[in-house]
């Protein structure tokens, strides 16, 4: 695209973009909801570095917008008409972004995840993770009651 900033994406950016797309279907999503959707898609939690650096890259690339600390995909993403259903959806996004793929034994945190997103500091991420944990515990409690589990 003309005037587009050149951004080198990582596979975690595709995962984060998929989570933001799902979490913000009806309105911009808070971080805790993005974390929850990300966990459901990948059965893992984002690291703080993956969230912050991913938000920087995806915002710079025009894929997401920030609405006072809540996030939503932009028209650029919506034009793709891509439904997020599974890990395969993330793989398609990874190819679309021409993202650096996951490598066995890659360092944690990854050296390219060194970007800082304005307004998203450790305390904000800590609170978002605590809120996610609260919602996850409530869902687990419902499941235990439904299936009569201890």
(request) List 52, 106 from most exposed to least, where exposure is judged by having the fewest other Cβ atoms within 10 Å. (result) 106, 52
(request) With a point put 7 Å past each Cα toward its Cβ, work out how far residue 102 is from residue 79 in nm, to one decimal. (result) 3.0
(message) Multiplying the sequence separation of residue 126 and residue 8 by 0.36 nm and subtracting their Cα-Cα distance, what value in nm do you get?
(response) 39.8 nm
(request) Between residue 60 and residue 134, take the C-beta separation as r, use R0 = 30 Å, and let me know the FRET efficiency to the nearest 0.05. (result) 0.40
(request) From the P(r) of the stretch 11-146, can you give the percent of Cα pairs sitting at distances over 23 Å? (result) 30
(message) Using just the Cα positions, wrap the stretch 1-85 in a convex hull and report its mean projected area in square nanometres, one decimal place.
(response) 5.5
(request) For helix 11-23, report the angle its Cα long axis makes with the longest principal axis of the Cα atoms of the chain; keep it between 0 and 90° and round to the nearest 10°. (result) 60
(request) Report the full-extension gain for the segment residue 144 to residue 88: residue separation times 0.36 nm, less the Cα-Cα distance, to one decimal in nm. (result) 17.2 nm
(message) Which of 87, 63 has the fewest other C-beta atoms within 10 Å, and how do the rest follow up to the most?
(response) 87, 63
(message) Using Cβ contacts closer than 10 Å as the measure, can you line up 125, 143, 45 from fewest to most?
(response) 143, 45, 125
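Values quoted throughout were computed directly from the atomic coordinates according to the rules given, and no laboratory measurement underlies them. All of these numbers come straight from a predicted model, not from anything done at the bench. When we count neighbours, we look across all protein chains shown, and the Cβ atoms used for this are built from the backbone with ideal geometry, even at glycine.
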